[in-house]
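The values are calculated or read from the model by the stated rules, or taken from the named source; none is laboratory data. Since the model is a prediction, treat every value here as computed from it, not as a measurement. Reconstructed Cβ throughout: ideal geometry from the backbone, glycine too, with neighbour counts over all protein chains shown.
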């Protein structure tokens, strides 16, 4: 029977909350072990934020190059070398990954183990080492940061068609002739626009009556308008009846729409239909850890599961699957464990930026949410065509929108669909964090000509 190694803290996964937590605990003198199945850095570094935004940058360069003549710059024909796009992405990912791994391996009190972890009971974890053999270990506190993976929901013929997912599509080194995208939310839209700009024909098949339907209707409508301007075909209210892979390698979808049944075929199929938690190999039942119906681990507002001493952080616990939320989970545990704090999940703002172009960024309440709560609100809205800096840049698609409490003048939320929308959103987020009255921003002095100064004009719309 193997001996059981004991630690102060055991962390499963090196994502954007697990890695910094391991470093913080080890620095504080805790004997810490972190177990990683494959690559340090989690979803964000390996198959999420870092590679996708690297490829988005390449796609934007292609887009701007094709628009060169409108700026008085003649570029000639523009083509994209997918092998070089892939190589650039791969180099940046490997650099980030190596930096994270080196730091973990060089930190005193910290042991990094590569292998697959599974619970034997509520206090014991067995690791099947990647290099062969197993180890058993226990810890006073166990933290699960195993992340998520692309979903492949039951759909007639989907698994047999062997679709691409958000990870495998970034391994392509040849340009798809016609990319079919199942799903009209964040992941699907980023890849749809990206590959359209690389030069693929792109069709989005979405079962709802509008894209990203968690956003306000006017936001969805404007995003649809932008994507169609970019040459993307969008099929809404489209229910997939059957998916089949043809002998010539193409994939054919039979879909039911309000106009009747139709077929659409493409060279490649991307399934962008959400994500599921990576818990299958953890043997959570052996530890008695409760999950919800989709399989996400249930936690309280301090990130503890129903089993005392076992915590879940990052995407595996459900909720907003954003890197910055995962990192804030780390902050909560660091504050409570090392600083004597009383941090919780309650009331935290959840900013989000979708990296279509122009960016779609939001924080706080949407107009729809505020009205559903029967808030007394005022809505400030400014089209990007009224933003001087956007006009100078030739980037006038989209609009800015802010939700203001009519009684207190406090900003309740905002949505920015525009060039560098994430940066403008962050300014309003800071105003919300500081309780700044909207009139302070309306009368504030911002450098000219910047995108930020458009916030003056945004809130001036409330005077009309």
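Some observations on this one:
- Applying the set (1) touching a strand residue (DSSP E or B) at 6+ places or on another chain (Cβ under 8 Å); (2) surrounded by fewer than 17 Cβ atoms within 10 Å (Cβ to Cβ); (3) over 23 Å from residue 36 (Cα atoms) to residue 295 leaves exactly one unmet item: (3).
- Just one residue in the set 325, 255, 243, 297 is in contact with a helix residue (DSSP H, G or I) (Cβ under 6 Å, 6 or more places away or on another chain) and closer than 27 Å to residue 168 by Cβ; that residue is 297.
- So residue 147, is it more than 19 Å from residue 208 (Cβ to Cβ) and either under 23 Å from the mean Cα position of the chain (by Cα) or outside the structural domain of residue 314 (by TED's automatic domain parsing) (or both): yes
- Residues of the range 133-153 satisfying the condition of being assigned to a loop (DSSP other than H, G, I, E, B) and farther than 28 Å from residue 323 by Cα: 133
- Residue in the range 154-170 that is surrounded by the most Cβ atoms within 10 Å (Cβ to Cβ), counting only those that are in contact with a helix residue (DSSP H, G or I) (Cβ under 7 Å, 6 or more places away or on another chain) and assigned to a helix (DSSP H, G or I): 169
- Within the range 202-217, the residues that satisfy the criterion of being in contact with a strand residue (DSSP E or B) (Cβ under 8 Å, 6 or more places away or on another chain) and in contact (Cβ under 8 Å) with a residue 60 or more places away in the chain are 203, 212, 215, 216.
- Looking across the range 171-182, the residues that are surrounded by fewer than 22 Cβ atoms within 10 Å (Cβ to Cβ) and in contact with a strand residue (DSSP E or B) (Cβ under 9 Å, 6 or more places away or on another chain) come down to 171, 172, 176, 177, 178.
- Selection of first residues in the range 92-108 that are at pLDDT 95 or above and of second residues that are surrounded by fewer than 17 Cβ atoms within 10 Å (Cβ to Cβ) and assigned to a helix (DSSP H, G or I), restricted to Cβ pairs under 8 Å at least 6 apart or on distinct chains, gives the following pairs, ordered by first then second residue: 107/27.
- Filtered residue count, the range 308-321, keeping only those that are in contact with a helix residue (DSSP H, G or I) (Cβ under 6 Å, 6 or more places away or on another chain) and either assigned to a helix (DSSP H, G or I) or under 15 Å from residue 286 (Cα atoms) (or both): 1
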